[in-house]
1. Condition (residue is under 17 Å from the mean Cα position of the chain (by Cα) and charged (D, E, K, R)) applied to region 225-232: is it met by at least one residue?
2. Yes or no: Ile168 farther than 26 Å from Leu37 by Cβ and touching a strand residue (DSSP E or B) at 6+ places or on another chain (Cβ under 7 Å)?
3. Restrict the check to region 207-226 and report whether at least one residue is farther than 27 Å from Ala54 by Cα, without any contact (Cβ under 8 Å) to a residue 40 or more places away in the chain, surrounded by 14 or more Cβ atoms within 10 Å (Cβ to Cβ) and of a type outside the set (D, E, K, R).
4. Among helices (runs of 4 or more DSSP H) lying entirely in region 26-108, which contain 1 or more residues that are hydroxyl-bearing (Ser, Thr, Tyr) and touching a strand residue (DSSP E or B) at 6+ places or on another chain (Cβ under 9 Å)?
5. Let me confirm something: among Thr17, Thr2, which residue is within 29 Å of Arg230 (Cα to Cα) and at pLDDT below 95?
6. Determine if region 38-48 includes at least one residue that is under 16 Å from the mean Cα position of the chain (by Cα), farther than 28 Å from Pro279 by Cβ, at pLDDT 95 or above and charged (D, E, K, R).
7. Looking only at region 127-143, decide whether some residue is assigned to a loop (DSSP other than H, G, I, E, B), in contact (Cβ under 8 Å) with a residue 24 or more places away in the chain and among the hydrophobic types (A, V, I, L, M, F, W, C).
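The values are calculated or read from the model by the stated rules, or taken from the named source; none is laboratory data. These figures come from a predicted structure and were not determined experimentally. Every residue, glycine as well, gets a Cβ built from its backbone with ideal geometry; the counts of neighbours run over all protein chains shown.
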Amino acid sequence: MTDAPGLMKGVLAAVLTPLKSDGSPDDARLARHCRWLLANGCDGLAVLGTTGEANSFCLKERIRIVEKLAEAGIPGSALMPGTGDCALPNAITLTRVAVKCGVHGVLMLPPFYYKNVSDDGLFAYYAGVIDGVGDDRLRIYLYHFPQMSATPISYGLIERLLKAYPGIVVGMKDSSGDFANMKGAAKRFPGFAVLPGSDDLLLPMLKEGGAGCITACCNVVSALAAEVWRGFHAGRDVSAAHERLTAARKTISAYPLSSALKAIMARITGDDAWLAVRPPLVTLDAAKRAALFQALDGIGVTLPKAA
């Protein structure tokens, strides 16, 4: 058993999942993408999240993705796979696999099908995962994304989990866009890693004790986010870099994020296989791709070169 890892901090990409022509996850391309991200400013890799279309994959596929990344030599210390599931046994199984593969931690959505559930019910779910996995190496980052899950994670729930499972529940990705909620969590729970899910909130949250970010756009602008993160901690003025990062986020998020980012990856790599998404998502058509690329070029964002 390895020593428990520290908190994950810095720039994390909400990693895209490339697909083969038959719609199945492309293990080799995903591993290459992960290596490329780590070489282009990323400190960590949040695979199997919203951007990665995780909820469009079955449990068997998600297990395979985690295991194949480990087999490909992607450092476990850099991995934060999403392991939440509406079915508690599925969440336990996938989380157990992730821990066995040596990941840094897991990012866990609440069970999101039933709406208006109580904090008691959500606490029972997270407790069920933790007790079911039964491994001291487990580190959970809660995933607060009420616009998508319709199941918010309250301060009261966080407080209960931190009290019951100190050192296991260690942080939160907040994709709500609610800066006050993020700032409040960072101040109310010292040592709890709060990571915004939107690039435009990276610098504001760093000023409030944030731990970095986990964002979709870091698939293509991670070097710019890293400039903000590292420059801030070096005491440099990073406002101009953050403005460019914010502009990139605004431009890309005018389109469905996963489809837009895959279109950008197709442009970077010259490989149109990157365009594929799983239903119900659809590929950006040629006109929308052209408009997206023109807008990106217009704001002066330099995209990284292909590996």
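1. As a first pass, look at region 225-232 and keep what is under 17 Å from the mean Cα position of the chain (by Cα): 225-226, 229.
With the extra rule that they be charged (D, E, K, R), the set shrinks to none.
Looking through region 225-232, none of the residues is under 17 Å from the mean Cα position of the chain (by Cα) and charged (D, E, K, R).
2. On the way: farther than 26 Å from Leu37 by Cβ: yes; touching a strand residue (DSSP E or B) at 6+ places or on another chain (Cβ under 7 Å): yes.
Yes.
3. Here is the first cut: in region 207-226, the residues farther than 27 Å from Ala54 by Cα are 207-209.
After this cut, where a residue has to be without any contact (Cβ under 8 Å) to a residue 40 or more places away in the chain as well, the list is 207-209.
Add one more test, that the residue is surrounded by 14 or more Cβ atoms within 10 Å (Cβ to Cβ), and what stays is 208-209.
Of the ones still in play, those that are also of a type outside the set (D, E, K, R) are 209.
Yes, the conditions are met somewhere in region 207-226.
4. Values: elements: 27-39, 59-71, 88-100.
Because the criterion is at least 1 residues that are hydroxyl-bearing (Ser, Thr, Tyr) and touching a strand residue (DSSP E or B) at 6+ places or on another chain (Cβ under 9 Å), the helices (runs of 4 or more DSSP H) in region 26-108 that meet it are 88-100.
5. Values: Thr17 fails: at pLDDT below 95.
Just a single option satisfies the conditions, and that option is Thr2.
6. yes
7. As a first pass, look at region 127-143 and keep what is assigned to a loop (DSSP other than H, G, I, E, B): 134-139.
When the remaining residues are screened for being in contact (Cβ under 8 Å) with a residue 24 or more places away in the chain, the result is 135-139.
Next cut, among the hydrophobic types (A, V, I, L, M, F, W, C) only: 138.
Within region 127-143 (the criterion being assigned to a loop (DSSP other than H, G, I, E, B), in contact (Cβ under 8 Å) with a residue 24 or more places away in the chain and among the hydrophobic types (A, V, I, L, M, F, W, C)), the answer is yes, since at least one residue qualifies.
Residues are listed down the side, and each one gets a yes or a no for (1) under 26 Å from Met205 (Cβ atoms); (2) surrounded by 17 or more Cβ atoms within 10 Å (Cβ to Cβ); (3) modelled with pLDDT of 95 or more; (4) β-branched (Val, Ile, Thr):
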{"site": "Arg96", "(1), (2), (3), (4)": "no, yes, yes, no"}
{"site": "Val106", "(1), (2), (3), (4)": "yes, yes, yes, yes"}
{"site": "Leu109", "(1), (2), (3), (4)": "yes, yes, yes, no"}
{"site": "Tyr114", "(1), (2), (3), (4)": "no, no, yes, no"}
{"site": "Gly128", "(1), (2), (3), (4)": "no, no, yes, no"}
{"site": "Leu142", "(1), (2), (3), (4)": "yes, yes, yes, no"}
{"site": "Pro146", "(1), (2), (3), (4)": "yes, yes, yes, no"}
{"site": "Leu161", "(1), (2), (3), (4)": "yes, yes, yes, no"}
{"site": "Asp174", "(1), (2), (3), (4)": "yes, yes, yes, no"}
